[in-house]
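The values are calculated or read from the model by the stated rules, or taken from the named source; none is laboratory data. Keep in mind it's a predicted model, so treat the numbers as computed, not measured. Here the Cβ is made from the backbone with ideal geometry for all residues, glycine too, and neighbour counts use every protein chain on show.
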Amino acid sequence: MWKCLAEEVYELQEAIVKQDLENTCEEMGDVLFQILFIMAIFHDTNQISISRVVDTVVQKMIRRHPHVYGSAVVTTQADLLDQWERIKSREKDHPDNRSALDAVPSGMPGLLRALKVSKAAVKQGFEWENIHQVLDTVKNEISEFETALEKGNEDETMVEFGDILFSLVNVARFAGFDPETALARSTAKFEGRFRLMEADLARKNCKLQGLSAAEKEAFWSRAKRGYDK
């Protein structure tokens, strides 16, 4: 059931990124249904009542927002975030959490988990001084990837490719945007261009597989110009 929920959340994310309000409304309903369905299963098997779920999140929101529901005072966004992190830290402060990374779920999608792990390390003071140092790290990782390719070691090559991705996640973090959103937008851009190219090929009764490299580039260039207008 968790896979269905994850799938619906991804579909909701896509609708939001595309700014498709009609689909966003529909996908929000699908996500809500999955959550209620899961809650009902736990409720009907007498494991977790629905009222317990609601009470738990209400108490957590009250506990984490003392400036709203209590007497705490925050004057800046930085103060607000600092308060939030201090409260969360106290909540997670038990013997099972021996590492700053223990609170990052292992089942998260790769890019999101990489970002969470990186942020957790940064909170402990493990950080580059500026984005140029991060970019230098990316260049070094690409060089190591190329070396692994030349060796022909598949496992080493895969690990080095992962290092490139992890470094790029940190570039996004330093630059102030979400890497998952950036990738989703770039993928959507590619899809739009590719669909235009397919339509152009169909009008000219051409098959992509039978074209030369130069012909493919010509079709692709026209699609890029058309999509980017």
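Here are a few things to note about the model shown:
- Some residue of region 111-119 being farther than 24 Å from Arg86 by Cβ and either over 13 Å from the mean Cα position of the chain (by Cα) or not in a helix (DSSP H, G or I) (or both): no
- Enumeration of residues in region 195-226 that are outside any helix (DSSP H, G or I) and either in contact (Cβ under 8 Å) with a residue 40 or more places away in the chain or loosely packed, with under 13 Cβ neighbours inside 10 Å (or both): Lys204, Asn205, Lys207, Ser212
- Selected residue [among the acidic types (Asp, Glu), modelled with pLDDT under 95, exposed (fewer than 11 other Cβ atoms within 10 Å of the Cβ) and not assigned by TED's automatic domain parsing to the domain that holds Val9] from Asp82, Asp93: Asp93
Rundown of residues vs (1) free of Cβ contacts under 8 Å to residues at least 12 places away in the same chain; (2) hydrophobic (A, V, I, L, M, F, W, C), yes/no style:
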residue	(1), (2)
Gln83	no, no
Met108	yes, yes
Glu141	no, no
Glu154	yes, no
Met158	yes, yes
Gly176	yes, no
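- If only residues of region 11-25 that are surrounded by 14 or more Cβ atoms within 10 Å (Cβ to Cβ) and not aliphatic (A, V, I, L, M) are counted, the one that is nearest to Arg185 (Cα to Cα) is Glu14.
- Yes/no for Lys123 being surrounded by fewer than 15 Cβ atoms within 10 Å (Cβ to Cβ), basic (Lys, Arg) and within 22 Å of the chain's Cα centre (by Cα): yes
- When we screen Phe194, Phe145, Phe161 for residues that are of a type in the set (Phe, Trp, Tyr) and either touching a Pro at 6+ places or on another chain (Cβ under 7 Å) or within 22 Å of Gln19 (Cα to Cα) (or both), the only hit is Phe194.
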